[in-house]
Amino acid sequence: MTDTRHIRNFVIIAHIDHGKSTLADRMLELTGTVERRKMRAQFLDMNPLEREKGITIKMQPVRMIWRMPNHAEIPNPKSQIPNKSQDPNSENSKRLEFGACNLEFADSKQEFVLNLIDTPGHADFSYEVSRSLAAVEGAILLVDATQGVQAQTLANLYLAQQEGLTIIPVVNKIDLPSSEKEKTIEELSALVGCSPNDVYAISAKEGTGVEPLLSAIIEKVPPPKAASDGATPHDMPLRALVFDSKYDPYLGVIAHVRIMDGTLQRGDRIYFMATDTGAEALEVGIFAPARSPGESLQKGEIGYVATGIKEPERVRVGDTITTYGAGTKKQSVTALPGYREVAPVVFASLFPEDQDDYEDMRDALGKLRLEDAAFTFTPEDAGALGRGFRAGFLGLLHMEIVAERLRREYGLELALSRPSVAFRVTWQDADKEAVTIYSASRLPPSNEIAHIAEPWARVEMVLPSRFLGAVTSLVIGAQGVITRAETLAGDRLHVEAEAPLREVIVDFYDRLKSISQGFASFSYTLIGYRAGDLVRLDILVAGEEQAVLGEVMPSARAYDVGRQRLAALKELLPKELFAVALQASVDGRIIARETIPALKKDVTSHMYGGDRTRKMKLWKKQQRGKKWLKETGRVTIPPDVFFKLHRTNV
């Protein structure tokens, strides 16, 4: 059994495409965790989508064994390295202070267990990063020497500081000709609050500097905290934090855990405290990086437990696992703090193209939520589209990944509505409380609404100073305002702005990359709701309102969007035997109209020659029928029309 003092738990955090997965590859090679003949690029990116898109979308833990080189200085396992804390009176209160540590050194033949969690870098998967940070004691902050500090670098650093982790600053890609090594080291050291000598320079691709970095992890990252009151890990009741999970058709829910106290053994009766669910530990093991079964997990280790639970909703991320029996009472175990509830910022409706797949889709969504706790869903009935689910995401990329996983992994054919944000509605009636509306179709009548508030986001951008004017115009065009701009290093600026979330989630990032020639990066966080000049745009077909096509938007855009949507509908809707009116309405007022002409039918085609009055009688009869149909007929819109309209993004 591994001595707890020989365990180091850490993560790699960085902006997207700064080399996290490549650095993890070199660590796997150096520690012999994966044989060289079996290695492939981005080895820990297990999902085919990750390999196709070249990004990490899911955290991945792995256990490595590292024997320090003989020439290296190794900390005595009896020496506890104190966690670096912040000075609240310092001007740089957000920065970590790197102080000197009094280290004792021991025999270099000792082996150390390194539990690494590789994390995503895209802002849409920030919840994956925050969950992994709660399971470790240290973090490698990785920065690309050709790009410098980016927006998500700052966001991840702040998350790590909030958890009180030891930060090891690292500059990557120093082998590239375009590398600005010294400049990036200076920028990163100023950001973290350490000496430039404390910043490690590596090339993850070539392996340069990775071995000293592994030694630095052992020297600087503290081991798991020792048991209190002189108790040993075996004397304390089990407390394991569930930081991730997935579903296996044979083993049920497999919970990824960090053992905070006690020991978890195969065959133990375990108890999930938040959901009040009991189970048996059918299998216990570590990630190497595939699941590797064992007999037990001890305090400080990261691994997994197969529960046999077939209902995904019974296992929640952030829950605490303890054990039955052995003199342990449920009431005597204090649950771990867990995680904050994630707040989705983008919402869309998911519908199976075949309504017979509805139950299969519900089951698939439940299993997918096990692996992606940031994804939420509730049932929804959309009339013509049938039954579906209103789903919440952390961004458009997150939505795209979830939809693609449903198609590939669960074989579902589905359609998505246009993404939207949540609005807060205040009623005219003062006795009614404000409510949050996730879909325009659920809005109350206009005469009952006092005002509609929309979510706003704080946008952080890092860019060369020469693009400040263009970025300012972009923010103003998105109805936002720049609140702060400061110099990071050289000619690079850290710019903060505030803008409506509906403008940020659509194509803000694409436009930012375009105007900055690809040099700018950005991240955003929700900051609250603000009242705006918003209206509900309704679409009427043959005088009947189609709730699923309703949308909340700024009044200035309602006319243009209404015209575009009606034009698309006119092309998609099949013709009827009578003229069909398509109308766009705001607050009960028609602002745009299109007409689908009646389907022509030659009722006299069977007649040859003869008196013309015979044809006129048939034409008049046809006109009376069309008039009656126009007054009483209803248009049934095929579901595929909605699907096609949604795909056009109009």
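The values are calculated or read from the model by the stated rules, or taken from the named source; none is laboratory data. The structure displayed is predicted, hence computed values, not measured ones. Neighbour counts are summed over all protein chains in view; Cβ atoms, including those assigned to glycine, are modelled from backbone coordinates with ideal geometry. Note: areas computed on protein heavy atoms with side chains; ligands, DNA, RNA excluded. Shrake-Rupley method; radii C 1.70, N 1.55, O 1.52, S 1.80 Å.
Below is a table of values for the structure above.
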item: Only Lys, Arg (+1) and Asp, Glu (-1) charged, at Cβ; the stretch 340-469 dipole about Cα centre in debye; result: 620
item: Cα→Cβ-extended label distance, 7 Å offset, between Glu182 and Ala41, nm; result: 3.2
item: Antiparallel bridges, percent of DSSP beta bridges restricted to the chain (to nearest 5); result: 85
item: Within the stretch 149-175, backbone nitrogen closer than 11 Å to the virtual label 7 Å beyond the Cα of Glu206 toward Cβ; result: 173-175
item: Three-way shape call for the stretch 488-531 based on the alpha-carbon gyration tensor, with the a/c threshold at 1.5; result: oblate
item: Residues of the stretch 161-272: accessible area per residue with a 1.4 Å probe, Å²; result: 41
item: Net +/- balance of residues flanking Arg63 in space, Cβ distance below 13 Å, scoring K and R +1, D and E -1; result: 0
item: Loop-resident sites, the stretch 584-627, for trypsin sites (Lys or Arg not before Pro), counting at most 11 other Cβ within 10 Å (DSSP); result: Lys600, Lys601
item: Percent accessible area from carbon and sulfur atoms, the chain, protein chains only, probe 1.4 Å; result: 48
item: Those aspartates and glutamates that a straight Cα-Cα span of less than 12 Å connects to Lys310, excepting residues fewer than 8 apart in one chain; result: Asp248, Asp363
item: Overall dimensions of the stretch 209-319 as given by Cα atoms, namely Rg and Dmax in Å; result: 15.3, 48
item: For peptides 277-286, 115-124, sequence by mean Cβ density within 10 Å, most packed first; result: 115-124, 277-286
item: Local electrostatic count at Leu569 - Lys and Arg +1, Asp and Glu -1, tallied over other residues with Cβ under 12 Å; result: +3
item: Computed FRET value (nearest 0.05) for Glu311 with Glu353, which takes r as the C-beta separation and R₀ as 35 Å; result: 0.85
item: Proximal aspartates and glutamates to Lys601, defined as alpha-carbon separation beneath 13 angstrom and excluding residues fewer than eight positions away on the same chain; result: Glu576
item: Positive minus negative residues near Val481 (Lys, Arg vs Asp, Glu; Cβ under 13 Å); result: 0
item: Long pairs among Lys20/Lys205; Lys183/Lys220; Lys225/Lys246; Lys38/Lys246; Lys20/Lys181; Lys58/Lys183, criterion Cα-Cα beyond 21 Å; result: Lys183/Lys220; Lys225/Lys246; Lys38/Lys246; Lys58/Lys183
item: Loop-located trypsin sites (Lys or Arg not before Pro) in the stretch 256-345, at most 11 other Cβ atoms within 10 Å (DSSP); result: Lys310, Lys329, Arg340
item: Selection from Gly395, Gln546, Ile596, by position along the positive dipole direction of the chain (Cβ); result: Ile596
item: Answer label, with Cα extents along the principal axes in Å calculated from the coordinates and candidates (1) 111, 82, 59; (2) 115, 61, 59; (3) 104, 59, 45; result: (2)
item: Accessible area per residue, Å², the stretch 475-538 with all protein chains present, probe 1.4 Å; result: 45
